[in-house]
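Following: one structure in C-alpha cells, then a few remarks.
Every number in this text was worked out from the coordinates using simple rules, so none of it is lab data. Worth saying up front: this structure is predicted, and the values here are computed from it rather than measured. For neighbour counting, all protein chains shown are included, and Cβ atoms are generated from backbone atoms with ideal geometry for every residue, glycine included.
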Amino acid sequence: MGLLHLILSYLKPTNILIAFLSIIFLYIFHFYYKHFTRINPLPGPLPIPLIGSFEIFKGDIDAWLYRLNKEYGRDGAYELNISGNRQIIITRAEYIESLLSSSHTIRTPNNGLLDLFDLDKKGLGLNHDYNTWKFNRHIFLQAMMPLTNSPKPGNFVNILFEEMSNYWIDLKQKDDIIIIDMATWIRRFTYDFVSLLTTEKHANTINSHYRKLKNEVMTKEIIDSEEFAECINIFILDSQFVFVPKLIKDLPFIKNRVKKLLDNHHFFYKRLEEIVRSKRKEIEKTINSNHYDFKSKQLDLLTSLIITNTPYDPQPQKNVDPSLSRPMTDAEIRGVMFDAYVAGTDTTVNTLCFVLYYISHNPNVKKKLLEEIKSVFNDDPNRQITIDDLEKLNYCEAIINETSRIRPTVSMISRYSYQPEEVAGYKWPKNTFFIMYSRGINNNPLHWKDPEKFIPERFYEPQEIEKQHENSFLMFGGGPRICPGRKVAMIELKTLIALLYRKFDVELVDMQAPLNIETSTITFCKELNIKLIPRELKN
Ligand code: HEM
C-alpha cells in the first residue's frame, strides 16, 4: 500500500507526459537504429515508424511503386517499409528465379489482421499455412481441371454475352450508338460467369444492372445477387486493410475502414456458407434418388469440391499422399469459393478494360485483330465461339499478353521466405518478405525493347517470343502458387474479345482520358466509357 501510494503521489500529469514522450522517443530511436543497421541495405524511401509510409492509405499503391521503381529500381531491387514490415522489391527477371521455385510456397507472413478475417489458414490466396494451403490447392486443382478442359467455360461466355449485348442494343441512343461504362457491365458479367462456373446458377447481376438503368422493378432474388456482387467489390477495393498491423487497427482513421471491411466479410462468408449448404443438400437429394451420374456429367466446381474424395468422386485419385485424400469440410470449401469469387472476377474485368483501352489507342493493332476475327468467323459471324476457334485467335491472345505486360492488373506478387537464401545477389535471413514487382519486370528495358510501346507482336512472332527472358512476363505469377484459374481466364477473355469486336465497333468515348484506375492489392479499373456501334448498322 505504502509503495503504491508513493508511486501515485509521483504520477503528476507532467511526469506521465515525460514518461509517454520517453517511450515514444525510445521506440523511434530503436526503429531507426534497426533501420540504419539493417542487413543488406537497399535504396528506398526513409520509413516512418509504425506506419512505414502513408502512401499505402492514399489510393493508387501501384503508381507509387512505379515512381519508386524509376527512382530506386535501377539495380533490380529496392526496399520499402509498409506498416512496419520491411519489403524487398525485385524488378529484374533473373532475380526472381529462386522465388518461383518449389521451395517458395508462402505468399505472406502471418501478420496484420488475417486471422481476424479468418483468412490465415483458409482458402488459397492469403493462406500462409503450408499444410492447409497444400490440401486446398490439391482439391481445387482436381475440381478445376475437368472444367477447364471442357467446353463449359466458353459456352457460359457465349450465353452471357448474348444476354448482355441484347440489353446494350435495347439501350441504344440516338444514331444507333450505345454508350456504356464497360467496367461496370463486365464486373457483372464476370460475377455471373463465376457463379455459373462454380454453381451452375445464374446470378442475374447483368440483368439487375440493366433493370437499374431502365428503372425497372427488382425482385428480392436480384437485389440479393446485387448485394453479394457488391461485397466482392468492397473486399477487393479495401483489401489492403487486411494487412494493417494489429497495433494500429484502432487508430481513428483506420478503425472505421477495418470495421466496414469486417462487416462486409462476415456477410460475404455467410452467403458463401448458404451456397455451399444448399449445393450439398441438392447433391444429397440426387444421391438419395439413386439417379446420380457424376461420371458422365461435366460438373460445376462446387459439386466437384463437395464430392472429391467421397465414394461418389467420379475420378478417384490413386497413390495420393494420405493427407490429401479426405473430403473437404464446408468451412474449407467456403475458403476456396471465396478465392474463386475474389481472384476470379476483378482480375478478368480489369484486364479486359485495359485491353479495350490499348486496342483503341492502337488502330493498327485493332485492324489486325479484326482481320483475324474475320478470317476465323468468315463462315458465320453469328455462331457460337468454340474451343477450336480460340486456338486460332493467336493475335487476340498476343494482345491480352501485351496489355498485361504493360499494365498488369496484379502488379505485386509476394513471397515470404522461411529459410535463409540468396536473392538479387544478397544473402537474406529467414522471414524476409519479397515482392516480385511484375509491372517493373514487365517494363524493364533490360528485358524489353521500347517497353512503353504497345507491340503485341512480341507475343505473336516466334522469333520475338524466343528472345524473351523466361521470367520477364508475370501475368499469372509462377511456381507452386501460379494462378490456378489462368486457363479459364484466357478462355473467358479471348471469347469475350472476339464476341465483342465481331458484333460491335468499339471506341473509347474520350480518347484523351487516361485510364481511371486505383490499386489496392490489384489494379482496379473504376470506369471505362465505351461507344459501341452494332456492326450491321455500320456503313
Ligand atoms: C486475367 C485474369 C487473372 C489474372 C491476371 C490472375 C493473376 C493471378 C496472379 C498473378 C496470381 C498470383 C500467382 C503467384 O503468386 O505466383 C493469382 C493467384 C490466384 N488466382 Fe488468378 N488471375 C486471373 C484469373 C483467375 C481466375 C479466373 C481464377 C479462378 C476462377 C483465379 C484464381 C486464383 C487463385 C485461387 C489464386 C491463388 C493461388 C494460390 O495461392 O495457390 N484467377 N492469379
If amide H atoms are modeled at 1.01 Å from N in the peptide plane, then the residues at a separation of 5 or more from Phe504, or on another chain, having amide H under 5 Å from its own are Arg535
Going by C-beta contacts inside 10 Å, put Ile16, Ile234 in order with the fewest on the left.
Ile16, Ile234
Pairs of alpha-carbon atoms within less than 8 angstrom and 6+ residues apart define the contacts here; what relative contact order does the stretch 38-534 have, in percent?
25 percent
With unit charges on the beta carbons (Lys and Arg positive, Asp and Glu negative) and the dipole taken about the Cα centre of the chain, which residue among Ile413, Tyr312, Met145 sits farthest to the positive side?
Ile413
Students often check this: by mean Cβ neighbours within 10 Å, which of 404-414, 508-518, 64-74, 80-90 ranks highest, and how do the rest follow?
404-414, 80-90, 64-74, 508-518
Quick query: amide H of Glu421 versus all other amide H atoms, modeled in the peptide plane; which residues come in under 5 Å with a sequence gap of 5 or more or a different chain?
Trp428
Let me know the shape class of the stretch 1-141, please: from the alpha-carbon gyration tensor, a ≥ b ≥ c as square roots of the eigenvalues, rounded when a/c is under 1.5, otherwise prolate if a/b is greater than b/c, or oblate.
oblate
Within the stretch 238-322, count lysine pairs with alpha carbon atoms under 30 angstrom apart where the residues are 8 or more positions apart or belong to different chains.
26
GluC sites (Glu not before Pro) within the stretch 159-246: which are DSSP loop residues with at most 14 other Cβ atoms inside 10 Å?
Glu216
For Lys214, go through the lysines and keep the ones whose alpha-carbon is under 19 Å away, minus same-chain ones fewer than eight residues off.
Lys172, Lys174, Lys531
Report the Cys residues of the chain lacking a disulfide-compatible partner, meaning no second Cys Cβ under 4.7 Å from their Cβ.
Cys231, Cys396, Cys483
Taking the simple approach of a point 7 Å from Cα along Cα-to-Cβ for both Lys12 and Leu171, what is their distance in nm?
7.0 nm
Pop out the ³J(HN,Hα) list for the stretch 302-314 in order, Karplus 6.51 cos²θ - 1.76 cosθ + 1.60 with θ = phi - 60°, rounded to Hz; leave Gly and Pro as x.
5, 4, 4, 4, 6, 9, 4, 6, 9, x, 9, 4, x
Shape of the stretch 38-534 from its Cα gyration tensor (a ≥ b ≥ c, root eigenvalues): rounded if a/c is under 1.5, otherwise prolate when a/b > b/c, or oblate?
rounded
Burial ranking of peptide ranges 525-532, 364-371, 287-294 (average Cβ count within 10 Å, highest at the top):
525-532, 364-371, 287-294
For Lys453, which lysines qualify as cross-link partners when the Cα separation must be under 23 Å and same-chain residues fewer than eight apart are set aside?
Lys70, Lys366, Lys367, Lys368, Lys467, Lys494
For the Gln419, Glu230 Cβ pair and Förster radius 56 Å, calculated FRET efficiency rounded to 0.05 is 0.85
Whole-Hz ³J(HN,Hα) from phi, Karplus 6.51 cos²θ - 1.76 cosθ + 1.60, for the stretch 364-371, glycine and proline x:
5, 5, 4, 4, 5, 5, 5, 5
Amide H contacts under 5 Å for Gly52, placed H, 5+ residues apart
Ser83, Gly84
Protection proxy (average C-beta count within 10 Å per residue), highest first, orders 269-281, 391-403 as 391-403, 269-281
For the stretch 373-421 versus the stretch 338-371, the gap between their alpha-carbon centres in whole angstrom:
9 Å
Rounded if a/c under 1.5, otherwise prolate or oblate - the stretch 131-262, Cα gyration tensor axes
oblate
Farthest positive-ward along the chain dipole, Cα basis, beta-carbon charges - from Thr348, Ile283, Pro13:
Pro13
Determine the dipole magnitude for the chain: charges of +1 sit on the beta-carbon of Lys and Arg, -1 on that of Asp and Glu, nothing else is charged, the reference point is the Cα centre, and the result goes in debye to the nearest 20.
1160 debye
Once phi for every residue in the stretch 329-340 is put through the Karplus expression 6.51 cos²θ - 1.76 cosθ + 1.60 (θ = phi - 60°), the whole-Hz ³J(HN,Hα) values, with Gly and Pro written as x, are 7, 4, 5, 5, 5, 4, x, 7, 5, 4, 5, 4
First select every other residue whose beta carbon is under 15 angstrom from the beta carbon of His35; then total the charges, Lys and Arg +1, Asp and Glu -1.
+2
